[in-house]
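Heads up, the thing below is written out as structure tokens.
The values are calculated or read from the model by the stated rules, or taken from the named source; none is laboratory data. This one's a predicted model, so the numbers in the text were calculated from it and none came from an experiment. Positions of Cβ are backbone-derived with ideal geometry, glycine not excepted, and every protein chain shown enters the neighbour counts.
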Amino acid sequence: MPESNNSREIAVSLSFMFFGAAILYSVYNINVVEGVNAIYTHNYIIPNFVSAVLFDWRGFDTLGECLILINSVLVTGMVFGRGLFNSEFLKEVYGINKNTTNNNIKNGDMGGFTPIIKVLAMPMSAILMVLGIVVILGGHITPGGGFQGGSLIAGAYILAIVSFGLKNCPVNFSHKFLETLESFGALLFLLFGVLGMVFSGYYLLNIHTLFGISIFPSPLGLEHAGIIPYLNIVVGLKVLAGLSTITTLLAGEKIIMKNIAD
């Protein structure tokens, strides 16, 4: 076990050094062309500046952030692994009585939080989920978007896990489901970028109509949303799945049961 931890620490340290050096090299050698914003707004018709800033200006930045989130999930599993928790820490966190035996723990008798916390947590989780959906769907006309909305929905899931535990959580996202959702969101984001390239020649360029039909049905004055709402939706799915996966990794019941029983 110590050899495994040492190998993990060496691998993580080398990874941080390599990527840190690459980032510093890129920052110090970046070439910024002045006046791009003025030229862009002069030559391109946009329905509002919120939509333009969201993806027309930052599409590749958002793509990079999605990749960073994927790396965060990988690093979380790589750094913490099975060595994050110990039995005393978990017994304190999950409110297990000191007299509880290992057999009780293996059978699922984890103690838990008081009923009042559980009663309040479920409505709060529902409110956070609804708010997250609203923030995602209104992201093309407000400062919201996929990252903010996905984080809110993931926060609802995390709140439910903290209150009820992973096994009895009413918001049941399996690890398989989260993997599928994360892959689905990332793949769709890339495909929407290809759609912009096919019809305009530029990757991730916003498209308002397809064969004369509005891509996203909107009220009068907002009909130029194009693919931006769909990009917000898939980014929201990606962020929701990524943050929830990290939570599942850190609160995995099999790991917890094994470490407590040991």
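Just a few scattered comments:
- Within the range 13-31, the set of residues being of a type in the set (S, T, N, Q) and either touching a helix residue (DSSP H, G or I) at 6+ places or on another chain (Cβ under 7 Å) or in a helix (DSSP H, G or I) (or both) comprises Ser13, Ser15, Ser26.
- The range 147-171 - residue that is under 14 Å from Ala241 (Cβ atoms) and either modelled with pLDDT under 80 or of a type in the set (S, T, N, Q) (or both) and, of those, farthest from the chain's Cα centre (by Cα): Val171
- Thr142 meets each of the listed conditions (1) surrounded by 15 or more Cβ atoms within 10 Å (Cβ to Cβ); (2) modelled with pLDDT of 55 or more apart from (1).
- Any hit, the range 235-244, residues being under 30 Å from Val171 (Cβ atoms), at pLDDT below 70, small (Gly, Ala, Ser) and assigned to a helix (DSSP H, G or I): no
Conditions tested, residue by residue: (1) of a type in the set (A, V, I, L, M); (2) over 17 Å from Val239 (Cα atoms); (3) touching a Gly at 6+ places or on another chain (Cβ under 7 Å).
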position: Lys118; (1), (2), (3): no, yes, no
position: Ile127; (1), (2), (3): yes, yes, no
position: Gly138; (1), (2), (3): no, no, yes
position: Thr142; (1), (2), (3): no, yes, no
position: Ser151; (1), (2), (3): no, no, no
position: Phe164; (1), (2), (3): no, yes, no
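- Yes/no for Gly252 being modelled with pLDDT of 70 or more and either under 28 Å from Glu179 (Cα atoms) or not acidic (Asp, Glu) (or both): no
- Filtered by the rule that a residue be among the charged types (D, E, K, R) and within 14 Å of the chain's Cα centre (by Cα), the range 176-193 gives Glu179, Glu182.
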